[in-house]
Every structure is written in C-alpha cells, then in structure tokens.
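Single-structure report; data block below.
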Amino acid sequence: MNAIPFDTLQFANRLKAAGFSDDQAQVLTELQRSATDSTLEQARHDYHLDDVATKRDLKEIETALRHDIEMLRAETGRQIAETGRQIAETKADLTRWIIGAGFLQTSLIIGVLLKIAHLI
C-alpha cells in the first residue's frame, strides 16, 4: 500500500515548539499518522483506487492490443488468400465438369442423330 508521505519528526518538533511536552507530541503524532493512514485506506476502499489503471497499464494494454490486431490482420490475409485459392480450384473443377458434360451431351446427340439417320 502506498502511504501519503508524512514527516512525523517535523510534526512532533512543531508540536514541541508550540509548547507540547515530548509525550504529548509523540501521542499526537501517532494519532495523526494513524488518522492519515485510515483516511487513505477508506479512500482506497470507497473509490477503488487499487483498481485504477495507470498510464503504464494503459500503454501495456494498448501495445498488447496492437500486437493482437496485427496478428489478426496477418491471419485474415492468409485466410483470404486460401479462400481465393479454393475458389480458383473450384472454378477449374467446375469448368472440367461442364466441358466433360458438354462433350458427353454432344456425343449423345450425334449418336441419336446417326441412329435416326439409319432408320430413315
């Protein structure tokens, strides 16, 4: 826990200079330090100061996010390239099937026409 800097020696010396005895100055100094620590702890609890992000925390998160974004961009680029390759492959397969079906259809039509020609 980070404490608020409190110079107890200076505080006690000022009390002594104002006419307090050593014992009174020591007790008041301890009470003041205790009250300051309690106030700080209450503020930490009330305002969730332990959960507050620092500039360094935010910078680390930003750096990590930038790295993740770059990795996603690279992965997306690879997936787009792979999808393009698969589309080209599918297009080639489809073209082969269409040409094959066209030749088969043409052969069947020619065969039927020749058969009809022999019957006439």
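Just so you know, all these numbers are worked out from the coordinates, no wet-lab data involved. Quantities reported herein were computed from a predicted structural model and do not represent experimental measurements. For neighbour counting, all protein chains shown are included, and Cβ atoms are generated from backbone atoms with ideal geometry for every residue, glycine included.
Screening the chain for whole DSSP H helices of 27 Å or more along their axis (Cα) with average Kyte-Doolittle hydropathy at least 1.0 returns none. Within the set [x] -0.37, -0.52, -0.60, -1.41; [y] -0.67, -0.73, -0.76, -1.16; [z] -0.75, -0.84, -0.88, -1.18, the number that log10 I(q)/I(0) by the Debye sum over Cα atoms at q = 0.11, 0.13, 0.14, 0.23 Å⁻¹ takes when calculated for this structure is listed as [z]. Projecting the Cα positions of Gly19, Thr39, Leu9 onto the charge dipole of the range 1-52 (unit charges on Cβ atoms of Lys, Arg, Asp and Glu, taken about the Cα centre) puts Gly19 furthest along the positive direction. Take every Cα pair under 8 Å whose residues are at least 6 apart in sequence, average their separation, divide by the length of the chain, and the relative contact order is 16 percent. With +1 on the Cβ of every Lys and Arg and -1 on the Cβ of every Asp and Glu, and nothing else charged, how large is the dipole of the chain about its Cα centre, in debye rounded to the nearest 20? So the magnitude is around 1180 debye.
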